[in-house]
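Notes follow the structure.
Any read-out appearing in this document is the output of simple, stated calculations on the displayed coordinates, not a laboratory observation. Note that the coordinates shown come from a computational prediction; the quantities given were computed from them, not determined experimentally.
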């Protein structure tokens, strides 16, 4: 029987590429636990976020990766090699710069209106940072990510448009 879905999925992309939305959708659809890399980096508390040490962060990621199934998503790529190696599938969301900018603006407005939840306070400072991160991705990170993922071509899916998600082999709900 053909394996319809992977059990371990790593989703990577820039801010505004749809990583969290896709991860939540896949998590609900396939009953896989979903982990945001930002929550691996940061301990979330009611009063503030505390950055984990590099050792704590790496140990936390290691504990997630050891599980039988997971979806890990985030923009981080420098320290997540173990996740790339253990993933059955890596989805690189490489949507256009313009589309990502639109989504950053839309998300900020929805968060300010209280319609969309955030792990952080949606301040103008963070809003500006997202544009900086988006530009950095465009100018530097994209190529670095593609280089790192070059050894994983057999399980790498590069998505340039969100409609391409439905073409991925595991998206069907029914078995052949």
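Nearest 500 deg cm²/dmol is fine: what mean residue ellipticity at 222 nm does the chain get from its DSSP H runs of n ≥ 4 alone, each adding -39,500 (n - 2.57), divided by its residue count?
The helix-only estimate for the chain comes to -12000 deg cm²/dmol at 222 nm.
Please compute the Kirkwood hydrodynamic radius over the stretch 37-121, one decimal place, Å, based on all pairs of different Cα atoms.
Evaluated over the stretch 37-121, this radius sits at 15.1 Å.
If you take every DSSP beta bridge fully contained in the stretch 1-160, what fraction is antiparallel? Give it as a percent rounded to 5.
Roughly 15 percent of the DSSP beta bridges within the stretch 1-160 come out antiparallel.
What relative contact order, as a whole-number percentage, does the chain give when Cα pairs under 8 Å and 6 or more residues apart are counted? Numbers along the way, then the final one.
On the way: 213 pairs, mean separation 56.4, N = 176.
Result for the chain is 32 percent.
Could you work out the Rg to Rh ratio of the chain, with Rh taken as the Kirkwood radius (inverse of the mean 1/r over all Cα pairs)?
0.95
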